[in-house]
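As structure tokens, the structure follows; a few thoughts come after it.
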Amino acid sequence: MKVICIGRNYREHAAELGNAVPTEPVFFLKPTTACLYPGQPIKLKPLLGEIHHELELVVMVDSYARDVPESMALGLVASFTLGLDLTARTLQNELKAKGLPWEKAKAFDGSAVLGEVELPMTASTDLQRFAIELKKNGVTVQQGSTADMLFTVAQQIAHVSKYITLEPGDLLFTGTPAGVGPIAEGDVLEGFLNGKRVLHVTVAKG
Ligand code: MG
């Protein structure tokens, strides 16, 4: 099992970080040790500096697959939830400026926060029609629609599977809408999918 993350998948988020809009999906990986499961707090490690929340639709794949055509990609999706692709932003900016890999800023322990409610994929599920929202301490900080993704979930799966074999249990973080920002000790973060709370996590000291 692995965690695959798509970057810069919403036009306004690419713009807020000063990045160009990509012409194909941008992806990177997090190790399994990055997963933070429901009930566990986010722990801030001073070494990492400022940590940003990135609220994302997360889909779970349930079979082995490679070179998946876009038309068959959604058949691999078993369930979905929301997640936070936590990012050590200052560190990431330093790495980007030097042209270095992002792992130090993206793949650290606990950086892939998973929602507490996992929803099953059904025949009527349309992954590209979800309203997603993140509240920090009760105030909305990120709000978007999966309809605004630059690359659909099906396109993301098809693209990634050209390079990396998908395995049962793999998680795909599908990119964040605009509004990313820092988290601090004591914060309570809640993610809503079509108005239903599916993610709830608190921020503790490192
Ligand atoms: Mg992200």
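List the number of the failed condition for Ala34; all other conditions in (1) at pLDDT 95 or above; (2) farther than 18 Å from His159 by Cβ; (3) within 11 Å of the ligand (Cβ to nearest atom); (4) in contact with a Ser or Thr (Cβ under 6 Å, 6 or more places away or on another chain) hold.
Unmet condition: (3).
What about Val3, is it away from the ligand (no atom under 16 Å from the Cβ), over 19 Å from Phe130 (Cβ atoms) and crowded, with 20+ Cβ neighbours inside 10 Å? Spell out how you get there, then give the answer.
Working: away from the ligand (no atom under 16 Å from the Cβ): no; over 19 Å from Phe130 (Cβ atoms): yes; crowded, with 20+ Cβ neighbours inside 10 Å: yes.
Against the criterion (away from the ligand (no atom under 16 Å from the Cβ), over 19 Å from Phe130 (Cβ atoms) and crowded, with 20+ Cβ neighbours inside 10 Å), Val3 does not qualify.
Of the residues Glu50, Glu103, Glu56, only one is closer than 21 Å to Lys196 by Cα and within 16 Å of the ligand (Cβ to nearest atom); which? Step through it out loud before you land on a result.
Values: Glu50 fails: closer than 21 Å to Lys196 by Cα; Glu103 fails: closer than 21 Å to Lys196 by Cα.
Just one listed residue meets the conditions, Glu56.
Can you pull out every residue in segment 35-49 that is part of a loop (DSSP other than H, G, I, E, B) and under 18 Å from the mean Cα position of the chain (by Cα)?
Once the filter is applied, which keeps residues that are part of a loop (DSSP other than H, G, I, E, B) and under 18 Å from the mean Cα position of the chain (by Cα), segment 35-49 yields Tyr37, Pro38, Gln40, Pro41.
What are the residues in segment 160-194 that are surrounded by fewer than 19 Cβ atoms within 10 Å (Cβ to Cβ) and within 19 Å of Ser63 (Cβ to Cβ), if any?
Of everything in segment 160-194, those that are surrounded by fewer than 19 Cβ atoms within 10 Å (Cβ to Cβ) and within 19 Å of Ser63 (Cβ to Cβ) turn out to be Lys162, Tyr163, Ile164, Thr165, Glu167, Pro168, Gly169.
Identify the residue in segment 18-46 that is free of Cβ contacts under 8 Å to residues at least 24 places away in the same chain and in contact with a helix residue (DSSP H, G or I) (Cβ under 9 Å, 6 or more places away or on another chain) and, among all such residues, is surrounded by the most Cβ atoms within 10 Å (Cβ to Cβ).
We begin by selecting, within segment 18-46, every residue free of Cβ contacts under 8 Å to residues at least 24 places away in the same chain; these are 18-20, 23, 26.
If we keep only those that are in contact with a helix residue (DSSP H, G or I) (Cβ under 9 Å, 6 or more places away or on another chain) as well, we get 19-20.
On the way: Asn19: 13, Ala20: 8.
Among those residues, the one meeting the criterion is Asn19.
For residues that are out of contact with any Pro (no Cβ under 9 Å at 6 or more places or on another chain) and either of a type in the set (Asp, Glu) or part of a helix (DSSP H, G or I) (or both), scanning just segment 6-27, find the one that is farthest from the ligand (Cβ to nearest atom). So that I can check it myself, show each step before the final result.
The first filter runs over segment 6-27 and keeps only residues out of contact with any Pro (no Cβ under 9 Å at 6 or more places or on another chain), leaving 11, 15-27.
The next check asks that each one be either of a type in the set (Asp, Glu) or part of a helix (DSSP H, G or I) (or both); those that pass are 11, 15-16, 24.
On the way: Arg11: 14, Ala15: 15, Glu16: 12, Glu24: 16 Å.
Only one residue tops the list, namely Glu24.
Please identify the pairs in which a residue from segment 80-98 that is in a strand (DSSP E or B) has its Cβ atom under 7 Å from the Cβ atom of a residue that is among the small types (Gly, Ala, Ser) and more than 12 Å from the ligand (Cβ to nearest atom), counting only partners at least 6 apart or on another chain.
Thr81/Gly115; Leu82/Gly115; Leu82/Gly191; Gly83/Gly115; Ala88/Gly49
Have a look at Gly191, Gly144, Gly195 and point out the one that is touching a Pro at 6+ places or on another chain (Cβ under 8 Å) and either of a type in the set (Ser, Thr, Tyr) or touching a residue at least 60 places away in the same chain (Cβ under 8 Å) (or both). Steps first, please.
Working: Gly191 fails: touching a Pro at 6+ places or on another chain (Cβ under 8 Å); Gly195 fails: touching a Pro at 6+ places or on another chain (Cβ under 8 Å).
Testing whether each residue is touching a Pro at 6+ places or on another chain (Cβ under 8 Å) and either of a type in the set (Ser, Thr, Tyr) or touching a residue at least 60 places away in the same chain (Cβ under 8 Å) (or both) leaves just Gly144.
Taking Gly179 and the conditions (1) in a loop (DSSP other than H, G, I, E, B); (2) within 15 Å of the ligand (Cβ to nearest atom); (3) under 21 Å from Lys30 (Cα atoms), which numbered condition does it fall short on, given that it satisfies the others?
Tallying (1) in a loop (DSSP other than H, G, I, E, B); (2) within 15 Å of the ligand (Cβ to nearest atom); (3) under 21 Å from Lys30 (Cα atoms), Gly179 fails exactly one: (3).
The values are calculated or read from the model by the stated rules, or taken from the named source; none is laboratory data. Note that the structure is predicted; figures quoted are calculated from it, not measured. When we count neighbours, we look across all protein chains shown, and the Cβ atoms used for this are built from the backbone with ideal geometry, even at glycine.
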